[in-house]
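Chemist: My structure is below; once you've seen it, I'll send some questions.
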Amino acid sequence: MATMEAAITEDIQLRHVEKDVLIPKMMREKAKERCVEKVEAFNHCCKESGFFMVFKCRKQNAALKDCLTIHYNDPHFFEECKQEYIREKLEFMRTGIPTKNRKQKVPTSM
């Protein structure tokens, strides 16, 4: 099944907006999840520093940027996000239901 899925995802032609906008957006979201400790440290510093955060949080900001940049520049990470995007696109084409709507819980009682 995995090889068949890989063959199908290789045949999908992506539009410019998908390659240059939608997949990078997915990469940013996933990179933030992978850099969660750095994101939390930066957010905590900003909350504690208030107006002076620009000066006081340079170290946390630099660490966060470094972590995110590592992921943005990783071709394997791009490929992983591209394959996930294609799987979601194929599932949408099959069901007509966007991913975010499929992931929402359905109420048990009405």
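Chemist: Just to check your reading of the model, which residue among 41, 7 is modelled with pLDDT of 95 or more and either among the aliphatic types (A, V, I, L, M) or exposed (fewer than 14 other Cβ atoms within 10 Å of the Cβ) (or both)?
Modeler: So the residue among 41, 7 that is modelled with pLDDT of 95 or more and either among the aliphatic types (A, V, I, L, M) or exposed (fewer than 14 other Cβ atoms within 10 Å of the Cβ) (or both) is 41.
Chemist: Same structure again: Contact list please: Cβ distance under 6 Å, first residue in segment 70-99 and touching a residue at least 60 places away in the same chain (Cβ under 8 Å), second residue surrounded by 15 or more Cβ atoms within 10 Å (Cβ to Cβ), pairs at least six apart or on different chains.
Modeler: 82/23; 83/9; 85/23; 85/26; 86/9; 86/12
Chemist: Working only within segment 31-44, note down all residues that are closer than 12 Å to residue 69 by Cα and of a type outside the set (A, V, I, L, M, F, W, C).
Modeler: 32, 34
Chemist: Still on this structure: Kindly check whether there is at least one residue in segment 39-58 that is touching a residue at least 40 places away in the same chain (Cβ under 8 Å) and part of a helix (DSSP H, G or I).
Modeler: No - not one qualifying residue is present in segment 39-58.
Chemist: Which condition from (1) touching a helix residue (DSSP H, G or I) at 6+ places or on another chain (Cβ under 9 Å); (2) modelled with pLDDT of 95 or more; (3) not small (Gly, Ala, Ser) is the one that residue 75 breaks?
Modeler: Only one criterion in (1) touching a helix residue (DSSP H, G or I) at 6+ places or on another chain (Cβ under 9 Å); (2) modelled with pLDDT of 95 or more; (3) not small (Gly, Ala, Ser) is unmet by residue 75, namely (1).
The rows are residues; the columns are (1) under 30 Å from residue 89 (Cα atoms); (2) at pLDDT 95 or above; (3) among the aliphatic types (A, V, I, L, M); (4) buried (at least 16 other Cβ atoms within 10 Å of the Cβ).
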site	(1), (2), (3), (4)
37	no, yes, no, no
49	no, no, no, no
52	no, no, no, no
58	no, yes, no, no
69	yes, yes, no, no
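Chemist: Does residue 81 satisfy the condition of being within 24 Å of residue 99 (Cβ to Cβ), in contact with a Pro (Cβ under 9 Å, 6 or more places away or on another chain) and buried (at least 17 other Cβ atoms within 10 Å of the Cβ)?
Modeler: Criteria met by residue 81.
Chemist: Let me ask something else. Determine whether residue 89 is at pLDDT below 95 and either in a helix (DSSP H, G or I) or over 21 Å from the mean Cα position of the chain (by Cα) (or both).
Modeler: yes
The values are calculated or read from the model by the stated rules, or taken from the named source; none is laboratory data. Bear in mind the structure is a predicted one, so any value in this text is a computation, not a measurement. Counting neighbours? That spans all protein chains shown, and the Cβs are built from the backbone with ideal geometry, glycine included.
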